[in-house]
Amino acid sequence: MKYKIISALLFTVIFAEALYAETINFGNSFFNKDRANTISKIIVITNNEDTALEYNISFTSHPSMQTSDIKTAPLTDEVYDAESKEFFSSITKDSCIQHYGETIFSLNAGQKCRLHITFSPTEVKEYNEEMVITSHVSNSTHILNSTKYEIRGKGIHMPDFTVIYYTDRSGENMDNKRAEYSIKWNSETAGVKSDEYAYIKILSRKREKLPLTYTLEGSDAFAIDTKLSTCKIKDNTITEPETEPCGLVISFRPNVAGDFAAKLVFNKRILSGAKEYLLYGSASDMLDFGTVYFGGNVQKILVQNTTDNDQRYSILSESKDNNFRLVVLQEGEIPSCIKNGFETNFELKKASSCYLGFTFAPDRNDEFYKKVIIMSNSGERREVTLRGKGVEKLQEN
């Protein structure tokens, strides 16, 4: 088991304020209800004093190391047992701590140890943490050294259908329940990028000199999301990790309603999985706002002019229900189709796109449906169903 090491020294200070060391940045990490993806970092602690010191680790935003998503952990190595012919984990001699969540350890004069820190996010959010390590002579309350570390990371949702492969030393798949080589997105909304992602974990294979490459064949609704992937990707070549595993993230963005298929093909077998992964997806022209308290909620669809000519579009409605309304979108790289909420016509240049936004502001406890028809001057017709449920928010006492 190998880890990236960040070297750091504790500097002697004569005042209480801690000095800042390096920032520990874990980057993106994925999770779902079954499993968190754990990332590890290691810092080296050195006792430069001429006497033994005791060290204390504290985190500014959480007092409990057992329940936090960022923990201190024992550092382990894989040891081979010749008798059983199996590998097992053993705590290293230079591990600062021996148990998860431990926050106190000691070092003799001139001694070093490695402090193992893990990041296993359970929320979709940016993590910003401060870890402070102080040291003092045994039986003394006077702090000799105090060093502060900024710890950063980001938790990203990983859907249930995620494909992850783990292997042991023999190359056998240790996660047979997820040993499926197809990934599916169901009932997504046309014109909107799904908030579900597929994640394939890639481990290091130092013995193989052949670069890992891939091709994505089929519908362009599927794509490798290089911004969310933790693997380094350039020109369809993946830089295989030297230490920590990295992840390849696949996104699904259907621009129209229908069924979609593609195939992700690697030039060599990855982990104990396959060289090929089948991708499937389905989408409909329905915007489901879900349950909304009296107020408002906005969703959008993508409108594309795939013809060779400029097109004019008209927005028609089968009902006058004002709980659903057109809205001008103020954000995003692709512009809003309309410039004000009363417009029902817009133009698109050839090979261009825009977003058509709708707001749902229910005024009563009820379920609402509305069908919107988008017509082009070339005769193209598209139906979008809007659905939502209004609920009155209870007043808090």
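So here's what we get for this one:
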{"item": "Filter result (farther than 13 Å from residue 42 by Cα and modelled with pLDDT of 90 or more) within the range 94-121", "result": "104, 105, 106, 107, 108, 109, 110, 111"}
{"item": "Selection within the range 130-147 - within 12 Å of residue 60 (Cβ to Cβ) and either of a type in the set (A, V, I, L, M, F, W, C) or modelled with pLDDT of 90 or more (or both)", "result": "131, 132"}
{"item": "Candidates 137, 132 - the one that is within 28 Å of the chain's Cα centre (by Cα), surrounded by fewer than 20 Cβ atoms within 10 Å (Cβ to Cβ) and closer than 22 Å to residue 46 by Cβ", "result": "132"}
{"item": "Residue list for the range 332-361, filter: charged (D, E, K, R) and surrounded by 12 or more Cβ atoms within 10 Å (Cβ to Cβ)", "result": "343, 347"}
{"item": "Where a residue in the range 132-152 is without any contact (Cβ under 8 Å) to a residue 12 or more places away in the chain and its partner, wherever it lies, is in a strand (DSSP E or B) and buried (at least 16 other Cβ atoms within 10 Å of the Cβ), with Cβ under 8 Å and at least six apart", "result": "142/136"}
{"item": "Selection within the range 148-166 - touching a Gly at 6+ places or on another chain (Cβ under 7 Å) and modelled with pLDDT under 75", "result": "165"}
{"item": "Residues located in the range 220-252, provided they are touching a strand residue (DSSP E or B) at 6+ places or on another chain (Cβ under 7 Å), touching a residue at least 60 places away in the same chain (Cβ under 8 Å) and not in a strand (DSSP E or B)", "result": "221, 228, 230, 244"}
{"item": "Residue among 226, 215, 243 that is within 30 Å of residue 25 (Cα to Cα), at pLDDT 75 or above, surrounded by fewer than 19 Cβ atoms within 10 Å (Cβ to Cβ) and not basic (Lys, Arg)", "result": "226"}
{"item": "Selected residue (criterion: modelled with the lowest pLDDT) from residues of the range 168-191 that are exposed (fewer than 15 other Cβ atoms within 10 Å of the Cβ) and hydroxyl-bearing (Ser, Thr, Tyr)", "result": "170"}
{"item": "Selection within the range 108-119 - more than 13 Å from residue 156 (Cβ to Cβ), part of a strand (DSSP E or B) and not basic (Lys, Arg)", "result": "113, 115, 116, 117, 118"}
{"item": "Residue 122 among the β-branched types (Val, Ile, Thr), in the same structural domain as residue 46 (by TED's automatic domain parsing) and part of a strand (DSSP E or B)", "result": "no"}
{"item": "Strands (runs of 3 or more DSSP E) completely within the range 341-386 that count 2 or more residues being in contact (Cβ under 8 Å) with a residue 40 or more places away in the chain", "result": "353-360, 366-376"}
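The values are calculated or read from the model by the stated rules, or taken from the named source; none is laboratory data. Since we're looking at a predicted model, the values are computed, not measured. Using ideal geometry, Cβ is built from the backbone for each residue, glycine included, and neighbour counts are taken over all protein chains shown.
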